[in-house]
1. Condition check: out of contact with any Lys or Arg (no Cβ under 7 Å at 6 or more places or on another chain), of a type in the set (A, V, I, L, M, F, W, C) and within 17 Å of Ser101 (Cα to Cα). Does Leu79 satisfy that?
2. Taking only segment 20-36 into account, find how many residues are part of a loop (DSSP other than H, G, I, E, B), under 16 Å from Ala50 (Cα atoms) and in contact (Cβ under 8 Å) with a residue 24 or more places away in the chain.
3. Output yes when any residue across segment 35-43 is touching a Leu at 6+ places or on another chain (Cβ under 8 Å), modelled with pLDDT of 95 or more and not β-branched (Val, Ile, Thr), and no when none is.
4. Pick out, from segment 38-92, the strands (runs of 3 or more DSSP E) lying fully within it that include 2 or more residues that are surrounded by fewer than 20 Cβ atoms within 10 Å (Cβ to Cβ) and over 11 Å from the mean Cα position of the chain (by Cα).
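The values are calculated or read from the model by the stated rules, or taken from the named source; none is laboratory data. Just so you know, these numbers come straight off a predicted model, no measurement behind them. Here the Cβ positions follow ideal geometry from the backbone for every residue, glycine too, while neighbour counts run over all protein chains shown.
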Amino acid sequence: MPSAVRRMNETGGDRLSFLGRRLPAAFEAREIALSPGHERTYDEAEWRDALVVLERGEIELECVGGARQHLQRGAVVWLTGLPLRSFHNRGSEVAVLVAVSRRKRSPEQPAC
């Protein structure tokens, strides 16, 4: 697995979570569910500019070269620019990922 995939483990205290939280107006969250035994093809555009938290379950990231990285609940990852092929849910519960990114501005919105 490329070293660009970083996992943040918090020792003690709360785990980073975006579920049920209201985000500032400049950000948006997408919730992606992956059922047990299913896989999802990696599309880099889907993850661009997003901080991703594995909120529930576990997943396996599969690289184009065949290497795999197992992630558990609480993992925080940046999935842009990685040579990934797919995501697999090998666990027994639905895996839920939340991707938080900057909200796209409409052309009419001023930058400041």
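1. Here the answer is yes, as Leu79 does meet what is asked.
2. So the answer is 3.
3. Yes: segment 35-43 contains one or more residues that are touching a Leu at 6+ places or on another chain (Cβ under 8 Å), modelled with pLDDT of 95 or more and not β-branched (Val, Ile, Thr).
4. Where strands (runs of 3 or more DSSP E) fall fully within segment 38-92 and carry at least 2 residues being surrounded by fewer than 20 Cβ atoms within 10 Å (Cβ to Cβ) and over 11 Å from the mean Cα position of the chain (by Cα), they are 39-41, 58-63, 68-72, 84-88.
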